[in-house]
């Protein structure tokens, strides 16, 4: 693996769950590390998450609560907010949501009519049930688009993994007999690319805990990646694609500048 030098980059695209926190409780050293990097004022930081359950404003509030005092809504990009931003391009006017409050709020803010008919927008849903599966199936069979925020099979918590949005997506795919029309979240590189354009960054670095989303998404975007071992990734044997860097935790970012 290469040796990471922070001065080689002008933008850090950082995942949240399994990297900064687990169920909103900060991972050791994460807060101090991010504050020190931010205070240096040399590198832009954005938090990029597939988690669609919360609105960006709430995520920013949680970041401030744990001690990342400078975090504002614009620092946070979620698969839900990206889907909402692109809703007019995709042509979403009415949709049925399998998901939680964050996805609903982001779409409503963009003027999408939320109800039982229309396209089907799927995110992580801890109240997923047979009725929601049935409604999603019937809407898709009636011609509605099948749109997924992400396909993460699991979601990390301090007690161990729980089913992620990919579990809901798989159930609906199994019922309707086809994959989603669009998957917005990582490893789709669209979030990384849009942020790089918006910030004017030339040398971004993606930091995450999943090979199949963060590292693969970085590869597809033509960006370097750093895999952090505080979340989903534990066994690096025969890992593909290979990240450019492997970090035990975010603390290792500071050691790179020492």
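Any residue at all in region 236-249 that's buried (at least 21 other Cβ atoms within 10 Å of the Cβ), in a strand (DSSP E or B) and at pLDDT below 95? Checking region 236-249: at least one residue is buried (at least 21 other Cβ atoms within 10 Å of the Cβ), in a strand (DSSP E or B) and at pLDDT below 95. Tallying residues that are within 17 Å of residue 28 (Cβ to Cβ) and either modelled with pLDDT of 90 or more or in a helix (DSSP H, G or I) (or both) within region 204-234 yields 4. Residue-level analysis places residue 10 among those that are assigned by TED's automatic domain parsing to the domain that holds residue 248 and either without any contact (Cβ under 8 Å) to a residue 12 or more places away in the chain or farther than 18 Å from residue 249 by Cα (or both). Quick check on region 20-36. Is at least one of its residues part of a loop (DSSP other than H, G, I, E, B), over 23 Å from residue 185 (Cβ atoms) and not assigned by TED's automatic domain parsing to the domain that holds residue 100? Yes: one or more hits.
Condition test on residue 27, is it touching a strand residue (DSSP E or B) at 6+ places or on another chain (Cβ under 9 Å) and surrounded by fewer than 18 Cβ atoms within 10 Å (Cβ to Cβ)? Walk me through how you get there before you give the answer.
Details: touching a strand residue (DSSP E or B) at 6+ places or on another chain (Cβ under 9 Å): yes; surrounded by fewer than 18 Cβ atoms within 10 Å (Cβ to Cβ): no.
No.
For region 71-100, residues that are out of contact with any strand residue (DSSP E or B) (no Cβ under 9 Å at 6 or more places or on another chain) and part of a loop (DSSP other than H, G, I, E, B) total 2. Restricting attention to region 78-103, which residues are surrounded by fewer than 22 Cβ atoms within 10 Å (Cβ to Cβ) and farther than 15 Å from residue 144 by Cβ? 85, 86, 88, 89, 100, 101, listed by residue number. Of the listed requirements (1) in contact with a helix residue (DSSP H, G or I) (Cβ under 6 Å, 6 or more places away or on another chain); (2) farther than 24 Å from residue 210 by Cβ, residue 24 misses just one: (2).
Please indicate, with yes or no, whether at least one residue in region 13-24 is over 17 Å from the mean Cα position of the chain (by Cα) and surrounded by fewer than 17 Cβ atoms within 10 Å (Cβ to Cβ).
The initial filter retains those residues of region 13-24 that are over 17 Å from the mean Cα position of the chain (by Cα), namely none.
There is no residue in region 13-24 that is over 17 Å from the mean Cα position of the chain (by Cα) and surrounded by fewer than 17 Cβ atoms within 10 Å (Cβ to Cβ).
If you take the residues in region 110-137 that are touching a residue at least 24 places away in the same chain (Cβ under 8 Å) and either outside the structural domain of residue 178 (by TED's automatic domain parsing) or in a strand (DSSP E or B) (or both), which one is surrounded by the most Cβ atoms within 10 Å (Cβ to Cβ)? Residue satisfying both the conditions and the ranking: 121.
What's the total number of residues in region 54-70 that are outside any helix (DSSP H, G or I) and closer than 21 Å to residue 126 by Cβ? Break it down into steps so the answer makes sense when it comes.
Step one: filter region 54-70 for residues outside any helix (DSSP H, G or I), giving 54-55, 66-70.
Now narrow it down to the ones that are closer than 21 Å to residue 126 by Cβ: 54-55.
Here the count works out to 2.
Mind listing whichever residues of region 144-200 are over 20 Å from residue 107 (Cα atoms), over 12 Å from the mean Cα position of the chain (by Cα) and in a loop (DSSP other than H, G, I, E, B)? 153, 156, 157, 158, 159, 160, 161, 177, 178, 179, 200 - these are the residues of region 144-200 that are over 20 Å from residue 107 (Cα atoms), over 12 Å from the mean Cα position of the chain (by Cα) and in a loop (DSSP other than H, G, I, E, B). Screening 183, 169, 215 for residues that are within 30 Å of residue 130 (Cα to Cα) and free of Cβ contacts under 8 Å to residues at least 40 places away in the same chain leaves exactly one candidate, 183.
Please verify whether residue 61 is surrounded by fewer than 21 Cβ atoms within 10 Å (Cβ to Cβ), on the phi < 0 side of the Ramachandran plot, out of contact with any helix residue (DSSP H, G or I) (no Cβ under 7 Å at 6 or more places or on another chain) and at pLDDT 95 or above, treating the condition exactly as stated. Give the derivation first.
On the way: surrounded by fewer than 21 Cβ atoms within 10 Å (Cβ to Cβ): yes; on the phi < 0 side of the Ramachandran plot: yes; out of contact with any helix residue (DSSP H, G or I) (no Cβ under 7 Å at 6 or more places or on another chain): yes; at pLDDT 95 or above: yes.
Yes.
The values are calculated or read from the model by the stated rules, or taken from the named source; none is laboratory data. From a predicted model like this one, the values you see are computed outputs, not experimental measurements. Using ideal geometry, Cβ is built from the backbone for each residue, glycine included, and neighbour counts are taken over all protein chains shown.
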